[in-house]
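See structure below.
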Amino acid sequence: MREIPINGVDLHEFATLLSLVQKNPMVPTVNNVENLLKLADRFLIPSVKRHLELFLISTKKDRLEKILIAEKYQLEDLMDREIEKYQRPKDFKNIEDSRHFSQISNETKIKLLYRLSAVRHNR
């Protein structure tokens, strides 16, 4: 068989995924990074997840959206870095109004609460 169909997988995204373990990989985009993470989980390629985590750290994507992605794909470095970006009490203002806040787990909300406490006590 010359070609093996993989249902539900975009050819370009799959090629990008595979390139991430090669020299001179294709560059992920903000638009496809989550799909690539999903494929990395599906095809058990953890080294790609680390590459994508580093890519996400460098993007200007919404902080809570990054936290949600970090939670979903177990990207601890991304999670820690994004939570650490909350540096002042006013950074937490209106956090509950974010469309991503309601999707975050209680465990992650507790991490944010601990961060708020640390910020308020200058730790």
**Prompt:** Here are some residues: Asp77, Asp62. Which one is under 10 Å from the mean Cα position of the chain (by Cα) and either at pLDDT below 95 or closer than 30 Å to Asn122 by Cα (or both)?
**Reply:** Asp77
**Request:** Could you check how many residues of segment 58-105 are on the phi > 0 side of the Ramachandran plot and of a type in the set (D, E, K, R)?
**Result:** 0
**Scan of segment 71-104 for residues that are open to solvent by less than 40 Å² (accessible area, probe 1.4 Å) and not in a helix (DSSP H, G or I), ordered by number** = Tyr73, Leu75, Tyr86, Ser98, His100, Ile104
**Residue ID - nearest to Glu34 (Cα to Cα), chosen from residues in segment 58-70 that are open to solvent by less than 30 Å² (accessible area, probe 1.4 Å) and assigned to a helix (DSSP H, G or I)** = Ile69
**Prompt:** Which ones in segment 1-50 are over 23 Å from Glu76 (Cβ atoms), assigned to a helix (DSSP H, G or I) and of a type in the set (Asp, Glu)?
**Reply:** Glu13
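The values are calculated or read from the model by the stated rules, or taken from the named source; none is laboratory data. Predicted model only: the values in this text are computed from it and were never measured. Note: ideal-geometry Cβ built from the backbone for every residue, glycine included; neighbour counts use all protein chains shown. SASA here: full protein model, heavy atoms, side chains in, ligands and nucleic acids out. Shrake-Rupley method; radii C 1.70, N 1.55, O 1.52, S 1.80 Å.
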